[in-house]
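Structure, as structure tokens:
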Amino acid sequence: MNTSNSPLTAIVTGAARGIGLATTQLFLAKGYQVAMVDRDTEELHRAAQGLHNVLPVDCDVSDESQVAAMVQTVLGWSGRIDALVNNAGVADFGPIEETTFARWQTVMRTNLDGVFLCSQAVIPALRKSRGAIVNIGSISGLRASTLRVAYGTSKAAVIHMTKQQAVELGEYGIRVNCVSPGPVKTKLSMAVHSPEIISAYHDAIPLNRYGSEAEIGRVIVFLASEEASYLTGQVVAVDGGFEATGVGLPALRV
Ligand code: NDP
């Protein structure tokens, strides 16, 4: 609850583009100031240009010392942190036999270590503000698939980490939830979704289409806000109904 005069402050990682940039814009529209965190310095500063009440911070979320410095920079700017969105992520699709240990580690470092490190680093500030963390999972963390042993496993771990964090941090008044998006056309997904994959997703998703960045961002901002004050430890699939399709055989359709 914000009883001071300083504006609510959110940190969004992976904010240079895609879901993170859309989420930044939605936070700004709700009156938050936003620390935009990304490792793509050039794109980050381009994205921040023209936005008011933002602080672009260059940081690799998988690097412990960079994360500690990032949190100090944000606190020096805002004096408070009310929300952390662990959105920075990388994808790597390929058969298990071709997923080298180096590729596995690259995915785990950002998608899993990054969420652990950023969350841990903001706990003191979130205890003061009784703030919230929103982790970004994926439909790939809820439904197993071929070609994503590292990505899917990293996201399943993020979903479980969300519950660990919610259970342990609840007594400080810190809420932790997870948004698991279905497919959204961004740099990350377009690097691995061929036209055939795109059309197969349309076919498998009840709402018959990809989601937009803002459709994901609106749920993130809701979960981070006081509107969700009694909601913690939950995983919300924002996926056009994809997760709900159990058997889902094309032959069973009317
Ligand atoms: P984008 O590629 O559009 O944006 C992700 C941003 O995060 C990029 O700017 C990227 O930089 C940055 N980033 C990656 N690793 C790090 C790091 N270690 N430190 C700091 N910044 C980093 O991705 P999306 O918007 O699509 O994805 C956002 C989140 O949503 C991810 O966690 C993703 O897994 C998840 N998601 C996305 C789906 C989709 O279909 N788009 C579906 C389900 C989940 P760089 O370009 O240098 O990598």
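Residues in segment 1-18 that are within 16 Å of the ligand (Cβ to nearest atom), open to solvent by 20 Å² or more (accessible area, probe 1.4 Å) and touching a Leu at 6+ places or on another chain (Cβ under 8 Å): Gly18 only. One residue stands out among those in segment 103-120 that are touching a strand residue (DSSP E or B) at 6+ places or on another chain (Cβ under 8 Å) and open to solvent by less than 20 Å² (accessible area, probe 1.4 Å): the one that is nearest to the ligand (Cβ to nearest atom), which is Gly114. Candidates Ile139, Ile123: the one that is within 16 Å of the ligand (Cβ to nearest atom) and not small (Gly, Ala, Ser) is Ile139. Within segment 1-50, the residues that satisfy the criterion of being part of a helix (DSSP H, G or I) and among the aliphatic types (A, V, I, L, M) are Ile19, Leu21, Ala22, Leu26, Leu28, Ala29, Leu44, Ala47, Ala48. Remark: Ser225 falls outside the filter, which requires a residue to be open to solvent by 30 Å² or more (accessible area, probe 1.4 Å), closer than 21 Å to Thr9 by Cβ, small (Gly, Ala, Ser) and more than 15 Å from the ligand (Cβ to nearest atom). Tell me yes or no: at least one residue of segment 73-92 is more than 22 Å from Tyr32 (Cβ to Cβ), open to solvent by 50 Å² or more (accessible area, probe 1.4 Å) and either away from the ligand (no atom under 16 Å from the Cβ) or among the acidic types (Asp, Glu) (or both). No. Listed conditions (1) within 21 Å of Gly79 (Cα to Cα); (2) more than 8 Å from the ligand (Cβ to nearest atom); (3) in contact (Cβ under 8 Å) with a residue 12 or more places away in the chain are all met by Cys59, apart from (2).
Given Val247, Val254, Val179, which one is modelled with pLDDT of 95 or more and not hydroxyl-bearing (Ser, Thr, Tyr)?
Val179
Taken over segment 174-214, residues that are more than 10 Å from the ligand (Cβ to nearest atom), open to solvent by 20 Å² or more (accessible area, probe 1.4 Å), closer than 25 Å to Ser119 by Cβ and outside any helix (DSSP H, G or I) amount to 1. From the residues in segment 19-56 that are among the β-branched types (Val, Ile, Thr) and more than 10 Å from the ligand (Cβ to nearest atom), which one is surrounded by the fewest Cβ atoms within 10 Å (Cβ to Cβ)? For segment 19-56, the residue satisfying everything is Val54.
The values are calculated or read from the model by the stated rules, or taken from the named source; none is laboratory data. All values reported here derive from a predicted model rather than from experimental measurement. Using ideal geometry, Cβ is built from the backbone for each residue, glycine included, and neighbour counts are taken over all protein chains shown. Heads up: the accessible areas ignore ligands, DNA and RNA and are worked out on the full protein's heavy atoms, side chains in. Shrake-Rupley method; radii C 1.70, N 1.55, O 1.52, S 1.80 Å.
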